Amino acid sequence: MHNNKTILITGCSSGIGLCAARGLRQRGYRVFATARKESDVKQLCAEGFEAFRLDLADSRSIGLALEQVLRSTGGYLYALFNNGAYGQPGAVEDLSREVLREQFETNLFGTHELTALVLPVMRKQGYGRIIQNSSVLGFAAMAYRGAYNSSKYALEGLSDTLRLELAGTGIFVSLVEPGPIVSRFRDNALAMYKKNIDSTRSVHREKYLAMESRLVKEGPAVPFTLGPEAVLKAVIHALEAKRPKARYYVTFPTYLFGFLKRILPDRSLDWVLRRAG
């Protein structure tokens, strides 16, 4: 383990990002916590974090945040946890090009840009860890989550390629694939759904009504939901193992769908995913 236990985390306003920031700080890491909203950055600072504003949809903000982090560390960074993302619900045919692009700007393009900026730093120091927060939906698609599914599928493809290209550099890339985790994810998804999807004029309106009630439900909406600490455990292994895994399954549904995807024909898997969704 390098003495330089510094980590930059995106999306620390709540949920997995905030839990990881707190948990890693307790383990002795120097955590640089980032969030998109100024109010969340203030909150993080009040908690004693070195916190900066970082909006993944804005290149300038990405460059600026990283500059501030590297200035604070003297140009070193042990790890990057790409956690920041949101879910845009809606049937594929109801997603405009613009709405799909917005989903990718945050979940893929911004994450990619930040990673590409961090890599020269890690190459120079000869080591580093890049941890990508993907999802069970990064390999098993569910209906009415097409924008999010596709952004995570793309993140997986990019990360798998990056892992091949970084072989022998001392820089490791790991994907974390959580299923349902307690967070503000559903609240944010509901807001994006209301903003971008006109349910009244859609052929899917019946299905949307059911989805709305799931999104507003108090407490876990599905069985096997775990707290964000489950993801923290995987992140710690990816940071500290001599040979971190390429993929970390988190929650029972991820293990289940990972297994079913290997053994079932597509038609049978579709049947299961339609019911699960």
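Each value in this text was obtained by applying a stated rule to the coordinates, not by laboratory testing. Keep in mind the model is a prediction, meaning the values are calculated, not measured. Every residue, glycine as well, gets a Cβ built from its backbone with ideal geometry; the counts of neighbours run over all protein chains shown.
Charging the Cβ of each Asp and Glu at -1 and of each Lys and Arg at +1, and nothing else, the dipole of the range 59-190 about its Cα centre rounds to 420 debye.
Each Lys or Arg adds one and each Asp or Glu subtracts one; over the other residues with Cβ under 14 Å from the Cβ of ALA79, this totals +4.
A simple spin-label model places the labels of CYS45 and GLU165 3.6 nm from each other, with each point 7 Å out along Cα-to-Cβ.
Amide H contacts under 5 Å for GLY227: VAL182, restricted to partners 5 or more places along the chain or on a different chain, H placed in the peptide plane at 1.01 Å from N.
Against the main long axis of the alpha-carbon atoms of the chain, helix 185-196 sits at an angle near 60°. Rounded to the nearest 10 degrees, the angle from helix 266-276 to the longest Cα principal axis of the chain is 90 degrees.
Among the listed values (i) 56, 43, 33; (ii) 121, 44, 24; (iii) 48, 44, 38, the one computed from these coordinates for Cα extents along the principal axes in Å is (i). When only the Cβ of Lys, Arg, Asp and Glu is charged (+1, +1, -1, -1), the dipole of the chain relative to its Cα centre reaches about 620 debye. Mean silhouette area of the range 51-146, derived from the convex hull of its C-alpha atoms and averaged over all directions, reads 6.9 nm². Taking a Cβ cut-off of under 13 Å around GLU156, the surrounding Lys, Arg, Asp and Glu residues balance to a net charge of +2, with basic ones at +1 and acidic ones at -1.
Over the chain, DSSP H runs of length four or greater, each weighted -39,500 (n - 2.57), average out per residue to a 222 nm ellipticity of -15500 deg cm²/dmol. Between the range 131-177 and the range 21-62, the alpha-carbon centres lie 23 Å apart. One compactness figure for the range 138-228 is 1.37, namely its Cα radius of gyration divided by 2.2 N^0.38 Å.
For the listed residue pairs LYS42/LYS195; LYS152/LYS242; LYS5/LYS245; LYS42/LYS233; LYS37/LYS245; LYS152/LYS245, the alpha carbons are over 24 angstrom apart in LYS42/LYS195; LYS152/LYS242; LYS42/LYS233; LYS37/LYS245. Applying 1/(1 + (r/R0)^6) with r as the Cβ-Cβ distance of GLU212 and ALA276 and R0 = 30 angstrom yields a FRET efficiency of 0.95. When each of the peptides 93-100, 180-187 is scored by how many other beta carbons lie within 10 Å of its residues on average, the order from highest to lowest is 180-187, 93-100. With the simple model of a label 7 Å out from the Cα in the direction of the Cβ, LEU260 to ARG201 spans 3.5 nm.
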